[in-house]
Every structure is written in structure tokens, then in C-alpha cells.
Amino acid sequence: MSRKFLCLTAMLLVAGLVCAGGSWAAEAKKPRFIVTLPGMLGDKSYNDSCKVGIDRAVAEFGVEVKILQAASPADFESNNLSAAEGGYDLVIILSGQQKQAASKVIPEYPDQKFAIIDFSLPDNPKNVYSTLFAANEGSFLAGAAAAMFTTQTQIDGVNAEKIIGWISGIETPLINDFYGGFKQGAAYIDPEVKILQAFAGSFTDPLKGKELALSQYEQGADIVMNVASATGIGILDAAAEQKKFAIGVDLDQDNLKPGYVLTSMLKNVDMAAYLFIKSVVEGTYQGGGRLYLDVAKGGVGLTDFAVFKEFWKDKFPQNIVDRCQELAKEITEGKIKVDEFPGVR
């Protein structure tokens with residue numbers, strides 16, 4: 001083998017190593033993300049919905065995403081501070097519950113990109129991309145469905161009284177937006193329908209959720225709307241135990257208690273999480289921008305009632321599905337204007 005050939009081989013080998021090194025460097029430069037949650041995973045609702053979007057982004061883009069969970073509101077500020085200090089390409093903060101903490105941390109890190117889901121900041125900083133949902137519109141549909149359902153006495157467990165329930169964790173402008181839409185939707189169908197309203201004082205207390213739901217069923221409610229994250233698991237438990245009914249929230253919860261969850265109001269925070277990660281990967285991140293995900297954009301809506309229909313078969317009230325589809329179309333077309341709670345955005 002000639003000396004010239006050996007030199008050429010060595011040069012090619014070095015070039016290959018440089019290229020490989022470049023490949024490793026490129027891979028090392030993949031965007032890194034961190035998400036701070038207002039609670040814990042496993043709630044089968046709000047936090048888990050966000051995780052669905054994260055998982056989709058990881059599978060599609062091969063990115064690294066770290067998740068910080070919060071055992072209590074006392075963790076909010078420290079989690080957001082830790083996230084901002086971590087040198088991530090994007091910090092995603094979920095839930096208006098964390099608005100106060102985010103308002104303290106974000107101004108201290110003007111060079112860090114943030115994305116906030118389910119709330120916005122008044123000054124709309126240039127390093128913050130935010131998403132809000134038309135919870136009022138989705139809840140309008142849920143309220144309409146509940147008002148129609150409370151008259152379906154052919155279904156075992158539905159009494160002759162026009163009473164429905166609504167339970168949440170902690171009262172906030174966003175939660176009031178949920179309730180306002182629910183109330184308006186129920187009244188749109190039948191102004192005589194009575195709504196029982198309660199707050200558990202926590203989004204992480206399923207026992208309290210169950211206690212409140214049992215109380216509302218005892219007071220004559222046929223169906224209770226769950227707007228309570230992990231607390232809502234207790235609401236669904238109470239429905240199945242009493243052979244009464246519930247409406248799920250955030251994720252599709254219809255299968256958690258088949259035959260006792262009429263439908264679920266989807267609030268697709270998974271869509272927001274995915275879109276934010278995608279924006280950084282593709283270089284379309286819009287600092288200072290705001291997304292508003294409503295019925296028209298598929299950000300909120302109801303599940304298809306299929307699980308409930310399969311359970312109740314010929315007793316299933318198809319008219320509720322048909323009417324809700326009509327109402328969603330009318331909202332999209334602007335024929336129905338759902339009131340928004342002041343200060344929610």
C-alpha cells in the first residue's frame with residue numbers, strides 16, 4: 001500500500017470524524033423544553049391533557065421535554081424560577097393558577113422565551129407567546145346538553161325535576177368563564193332549569209369532589225358538570241356510585257365511568273402545548289403573540305357521546321347530539337354570542 005494512499009485514507013477518516021462530530025453537535029443542539037404544571041400528572045384531565053400534547057411533540061420532533069409538577073400552589077414560583085434558570089429554548093407555563101408566579105418570574109428573564117397556556121399577561125411581553133381558550137363556548141354546549149338531559153326520564157336515574165349541578169375547585173376568572181357559559185347554555189335551552197353550584201377549594205381533592213357531587217345528587221340533580229381537574233375524579237365516582245350522571249372536562253373522560261358520563265367538554269390544552277413546541281422547532285415562535293382557541297378553531301367542544309350511546313342503546317337521546325352540533329355551528333357562525341366573564345383575557 002502506497003504512502004500516498006495511506007495519507008488519503010487518513011484524510012478521509014478525519015473528514016468522516018469531523019462530519020460525525022458535526023452530526024452529534026447538530027443533534028445536541030435540538031431545542032430543549034420545560035413545562036411547569038399547576039398540579040400532578042395522573043389527574044386524567046387538565047394536566048394529563050397537556051402531557052398528551054407534549055408526547056405528540058416528542059414523538060414527532062424528537063425533542064427533549066422536562067415536566068415540573070406541583071404538589072401545591074406553594075411550588076409554583078420555585079418551579080417557574082427553576083425552569084427560567086435552566087437554559088431551555090422554551091419554558092411553557094400551564095394554567096392561570098400560575099399567573100401570579102409567572103408575573104413575578106418572567107420580567108426577570110427578558111432573554112428567555114416563554115409560552116403560557118390558559119392565561120395572558122397585561123403588557124404582552126415580547127418574550128411571551130400565550131394561548132387562551134373559549135371555555136365559555138365549550139361550557140355553553142355542556143350546559144345545553146345538561147339542560148336537555150335532565151328531561152330524559154326514559155333513562156334510569158333521571159328524575160322529573162329540572163335540576164343540574166356544577167362543581168369546580170377554586171373560583172377564578174377562568175373558572176367563572178366556565179360557569180357563565182354553562183349557565184347561559186342551560187338557560188338557552190330552558191330558563192326554568194335550576195343549577196346547583198359548588199367549589200371544593202382545591203383541584204386535587206377527589207374526596208371533596210365526591211362529597212359535593214353526592215350532596216347535589218341528593219338535592220335532585222340528575223347530572224353534574226365537572227370542572228375540577230383531579231378533584232373531578234371524585235365527581236365521576238359519585239355519579240357511577242349513585243347511578244347518576246356527569247359531564248367530564250378537558251380530556252375525553254367518557255370511558256372513565258361508561259354509561260354515567262354523558263359527554264366531556266374538551267379543552268384542548270394538548271393542542272396548545274404541541275403548537276408551542278412546534279413553533280420553536282420550526283422557527284415560527286411569535287413572542288408577544290396570542291392564540292385564541294375557540295369552537296371554530298377546534299380548541300373547545302364536546303366529545304361525540306359515543307360511549308354513552310353504546311351503553312344506553314335505544315334509550316339514548318340522539319336529539320341532544322343533534323342539537324349540540326347545531327349550537328356549535330351557530331356559535332362558529334356568530335349567530336350565538338356566548339358571554340365572556342370580565343377580565344378572563
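Would you confirm whether or not segment 259-279 contains a residue that is out of contact with any strand residue (DSSP E or B) (no Cβ under 9 Å at 6 or more places or on another chain) and of a type in the set (A, V, I, L, M)? So far as segment 259-279 goes, no, none of its residues is out of contact with any strand residue (DSSP E or B) (no Cβ under 9 Å at 6 or more places or on another chain) and of a type in the set (A, V, I, L, M). Note on segment 254-312: among residues that are in contact with a Gly (Cβ under 6 Å, 6 or more places away or on another chain) and among the polar types (S, T, N, Q), the one that is surrounded by the most Cβ atoms within 10 Å (Cβ to Cβ) is Ser264.
Do we have Gly334 as small (Gly, Ala, Ser) and within 28 Å of Cys50 (Cβ to Cβ) here? No; evaluated as a whole, the condition is false for this residue. Only one entry in Val269, Val307, Val300, Val280 is touching a residue at least 12 places away in the same chain (Cβ under 8 Å) and touching a Ser or Thr at 6+ places or on another chain (Cβ under 7 Å), namely Val269.
Every condition in (1) assigned by TED's automatic domain parsing to the domain that holds Ser72; (2) in contact with an Asp or Glu (Cβ under 6 Å, 6 or more places away or on another chain) is met by Phe199 except one, and the failing one is (1).
Which strands (runs of 3 or more DSSP E) does segment 104-190 wholly contain that include 2 or more residues that are hydroxyl-bearing (Ser, Thr, Tyr) and assigned by TED's automatic domain parsing to the domain that holds Asp89?
Working: elements: 114-117, 128-133, 163-168.
So the answer is 128-133.
One residue alone among Ala273, Ala306 is in contact with a Cys (Cβ under 6 Å, 6 or more places away or on another chain) and among the small types (Gly, Ala, Ser), and that residue is Ala273. Residue check: Leu174 meets all listed conditions (1) aliphatic (A, V, I, L, M); (2) at pLDDT below 95; (3) more than 24 Å from Pro342 (Cα to Cα); (4) surrounded by 18 or more Cβ atoms within 10 Å (Cβ to Cβ) but one, namely (3).
Out of Ala101, Ala84, Ala74, report the one residue that is in a helix (DSSP H, G or I) and under 20 Å from Ser279 (Cβ atoms). Give the steps one after another, and end with the answer.
Values: Ala101 fails: under 20 Å from Ser279 (Cβ atoms); Ala74 fails: under 20 Å from Ser279 (Cβ atoms).
Testing whether each residue is in a helix (DSSP H, G or I) and under 20 Å from Ser279 (Cβ atoms) leaves just Ala84.
For first residues located in segment 92-113 and closer than 15 Å to Val35 by Cβ, partners that are among the charged types (D, E, K, R) and lie 6+ apart or on another chain with Cβ distances below 8 Å form the pairs Leu94/Asp118; Ser95/Asp118; Ala101/Glu77; Val105/Glu77; Lys113/Asp89.
Each row is one residue, and each column tells you yes or no for (1) touching a strand residue (DSSP E or B) at 6+ places or on another chain (Cβ under 9 Å); (2) at pLDDT below 95; (3) of a type in the set (Ser, Thr, Tyr).
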site	(1), (2), (3)
Val281	no, no, no
Gly289	yes, yes, no
Tyr292	yes, yes, yes
Val300	yes, no, no
Phe308	yes, no, no
Lys313	no, no, no
Asn319	no, no, no
Cys324	yes, no, no
Ala328	yes, no, no
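Given (1) surrounded by fewer than 24 Cβ atoms within 10 Å (Cβ to Cβ); (2) part of a loop (DSSP other than H, G, I, E, B), where does Phe203 come up short, assuming only one miss? In the conditions (1) surrounded by fewer than 24 Cβ atoms within 10 Å (Cβ to Cβ); (2) part of a loop (DSSP other than H, G, I, E, B), Phe203 misses (1) alone.
The values are calculated or read from the model by the stated rules, or taken from the named source; none is laboratory data. The shown structure was predicted, so the numbers you read here are calculated from the model rather than taken from an experiment. Note that we place each Cβ from the backbone using ideal geometry, even for glycine, and neighbour counts take in every protein chain shown.
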